[in-house]
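All of the numbers you see were taken from the coordinates with simple rules; none came from a lab. These figures come from a predicted structure and were not determined experimentally. Cβ coordinates were reconstructed from backbone atoms using ideal geometry, including for glycine residues, and neighbour counts include every protein chain displayed.
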């Protein structure tokens, strides 16, 4: 017998379903606004905390070359625009800003070729039985705490570079490669460690992007006579380059905001630019971590306000970097795959 007509749903069940649907939509809508609300609340708190420093330092905050909270034990204070700071306090972040940008750019320049090339090699060349273990090691590398990277850089990697690499290079007399520390602390060591921390972020994303390229498209390129290298250049790379750019900017954001590893390896030099690749320096994030304990002891409270302003600058730099990355990624249209175009 043919089945009879379906029994109509009970009105009470329909009302319950509608209520659950409304609750789910409301909950998802609220959850979608949470990240924006958290960011807005964070910015509000930082701006409120940093306002006295903005009034006290003015534009000198961005052009000054000395960042010092002054002497908390002296009785005299520096008064400017109605706000007080400890005697001898100077809040200028130009060297810190330069150190943040130059170290992260060097790290990114070192990490991108290794990450992208290694990910393409891992997927395109190595057999499946090798890909899985190497992929696990890549994920484990991404999970190592930054303080462990910093300890490794101070105890092992830095002294090794100073003894076997920096010393022979410094003996050549090249002006911008002539000075180094015995412990290896400095710009190049910190950049290399940052690159090691950024590589897993870019490589893991690139690996998934390469895997997402249709196998039939690559097989079509091989059928047209393209070699594996030419297929990577003509098929794989145009398909993944926007994603690689986004992954690189994500890694750059990690390098810009890295704190403990840079604090331990940089040498923590506050009042000068690094004139050599081996010279000591510091960054904005490392300065906040290194100064926080002393700033809390400042009787005027201006040191904490200055660190809050440093935090705002660092947050803005990271947000602008991510915004530009999204803008570039959105504008870079995916190139049509060459198979079938008479390559």
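If the condition is being over 30 Å from residue 240 (Cα atoms) and in contact with a helix residue (DSSP H, G or I) (Cβ under 7 Å, 6 or more places away or on another chain), then region 87-126 contributes 89, 91, 92, 93, 94, 96, 97.
Restrict the check to region 68-82 and report whether at least one residue is touching a strand residue (DSSP E or B) at 6+ places or on another chain (Cβ under 9 Å), under 18 Å from residue 271 (Cβ atoms) and part of a loop (DSSP other than H, G, I, E, B). Yes - at least one qualifying residue is present in region 68-82.
Across region 238-253, the qualifying residues are those that are surrounded by 22 or more Cβ atoms within 10 Å (Cβ to Cβ) and under 13 Å from the mean Cα position of the chain (by Cα), and the one among them that is farthest from residue 207 (Cα to Cα) is 252.
Out of all the residues in region 269-284, is one or more within 30 Å of residue 79 (Cα to Cα) and not in a loop (DSSP other than H, G, I, E, B)? Yes, the conditions are met somewhere in region 269-284. Can you confirm whether residue 117 is free of Cβ contacts under 8 Å to residues at least 60 places away in the same chain, more than 16 Å from residue 185 (Cα to Cα) and more than 16 Å from the chain's Cα centre (by Cα)? So residue 117 fits the description; yes. For region 255-269, what are the residues that are in contact with a helix residue (DSSP H, G or I) (Cβ under 7 Å, 6 or more places away or on another chain) and surrounded by 20 or more Cβ atoms within 10 Å (Cβ to Cβ)? Those that are in contact with a helix residue (DSSP H, G or I) (Cβ under 7 Å, 6 or more places away or on another chain) and surrounded by 20 or more Cβ atoms within 10 Å (Cβ to Cβ): 255, 256, 258, 261, 262, 263, 264, 265, 266. Residues in region 155-168 that are over 13 Å from residue 192 (Cβ atoms) and either surrounded by 15 or more Cβ atoms within 10 Å (Cβ to Cβ) or under 27 Å from the mean Cα position of the chain (by Cα) (or both): 2 in all.
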